[in-house]
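Right, one structure below, let's go through it.
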Amino acid sequence: MSGECASGRAKVRARDIVGAKGSRRLVMVTAYDYPSALAVDRAGVDMILVGDSLGMVVLGLDSTLQVTLEDMVRHTSAVARARPCALLVADMPFMSYEPSVSRAVESAGVLVRAGAEAVKLEGGSEYADRIRAIVNAGIPVVGHIGLTPQRMHRLSGYRRQGKTEEEVKRLLEDARSVEEAGAIALVIEYTKADAAKRITEEVGIPTICIGSGPHCDGQVLVLHDIIGFSTFTPPFAKRYADVFNVIVEAVSRFTSEVRRGVFPEPHHYK
């Protein structure tokens, strides 16, 4: 993206995210369209994530597996038009990077052309070569380990990670591989808090928790969970507002006024 960011504060760059390790807590929130990006950015978050969670909370799909690269491009473009001061991170959807290193770099480039300033991909050591190649192409990468929804079938569903010492060892190996490949940050999803703490202490890049306790360098939540605009709120999320019922109430009042002949009033058309 070019030009100044819209909310007037300093633009957050990839180097600012890396430099936050050990000095301040980072905040990442999802946004999927122009108005939500404006609101989230004005709230002062460090990173806006155009997440493939849009499949469930925006498109009504059953999982992230049905989200396409074209879906991500469309929503990333919409968020980018808000010119956020936060770093704009776009998820790489299922099968946009798994087939090959070249496919991964090409897909990341498509998202950057759509307005992304960094990309996020799920997986640990098995995808370190993809991360390294994308970074070498000049694109910042955020890693994602722990519960990786795109691998829900391999993981036998959505279950908390890091419960055994063997799982913790694997997660530590994944975290180190992601860091060594050049990632600027690492999301740790739905992992036991003590395991997330060990990872945070052992890597030199910021860790961003979702459902993994208080010991990470930052936290991320889905906007719709924060504002009460989703049909299901996961147990690790906190609802700060009830926007769904605010909308229901407003539209119900409009419906009532139309049917009673109250709306439009003279000043709406004279």
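The values are calculated or read from the model by the stated rules, or taken from the named source; none is laboratory data. What you see is a predicted model, and the numbers here were worked out from it, not measured in a lab. Don't worry about glycine lacking a Cβ; one is built from the backbone with ideal geometry, like all the others, and counts go over all protein chains shown.
Things worth noting here:
- The criterion of at least 2 residues that are touching a residue at least 60 places away in the same chain (Cβ under 8 Å) is met, among helices (runs of 4 or more DSSP H) falling completely within region 159-231, by 223-226.
- Number of the condition not met by Ile48 [criteria: (1) in contact with an Asp or Glu (Cβ under 6 Å, 6 or more places away or on another chain); (2) surrounded by 23 or more Cβ atoms within 10 Å (Cβ to Cβ)]: (1)
- When each of Glu173, Glu202, Glu165, Glu179 is tested for being under 30 Å from Lys21 (Cα atoms) and within 20 Å of the chain's Cα centre (by Cα), the lone residue that passes is Glu179.
- Near pairs, Cβ below 8 angstrom, 6+ apart or cross-chain, from region 15-44 (farther than 16 Å from Ile226 by Cα and in a strand (DSSP E or B)) to any residue that is of a type outside the set (Val, Ile, Thr) and at pLDDT 95 or above: Leu26/Ala20; Leu26/Asp46; Leu26/Met47; Leu26/Ala185; Leu26/Pro206; Leu26/Asp217; Leu26/Gly218; Leu26/Gln219
- Any hit, region 192-205, residues being surrounded by 11 or more Cβ atoms within 10 Å (Cβ to Cβ), closer than 25 Å to Ala39 by Cα and of a type outside the set (Phe, Trp, Tyr): no
- If you go through region 4-32 and keep only what is surrounded by fewer than 17 Cβ atoms within 10 Å (Cβ to Cβ) and either aliphatic (A, V, I, L, M) or within 18 Å of Val222 (Cβ to Cβ) (or both), you end up with Ala6, Ala10, Val18.
- Condition check for Asp71: acidic (Asp, Glu), under 21 Å from Glu122 (Cα atoms) and surrounded by 14 or more Cβ atoms within 10 Å (Cβ to Cβ): yes
- For the residues Glu117, Glu98, the requirement of being among the charged types (D, E, K, R) and touching a Phe, Trp or Tyr at 6+ places or on another chain (Cβ under 9 Å) singles out Glu98.
- First in region 121-135 and under 11 Å from Val178 (Cβ atoms) and assigned by TED's automatic domain parsing to the domain that holds Glu167, second anywhere and among the small types (Gly, Ala, Ser) and surrounded by fewer than 17 Cβ atoms within 10 Å (Cβ to Cβ), Cβ under 9 Å, 6 or more apart: Arg130/Ser100
- Number of residues in region 60-79 that are assigned to a helix (DSSP H, G or I) and closer than 20 Å to Pro99 by Cα: the value is 8.
- Scope region 232-266; condition aromatic (Phe, Trp, Tyr) and part of a loop (DSSP other than H, G, I, E, B); matching residues: Phe232, Phe236, Tyr240, Phe263
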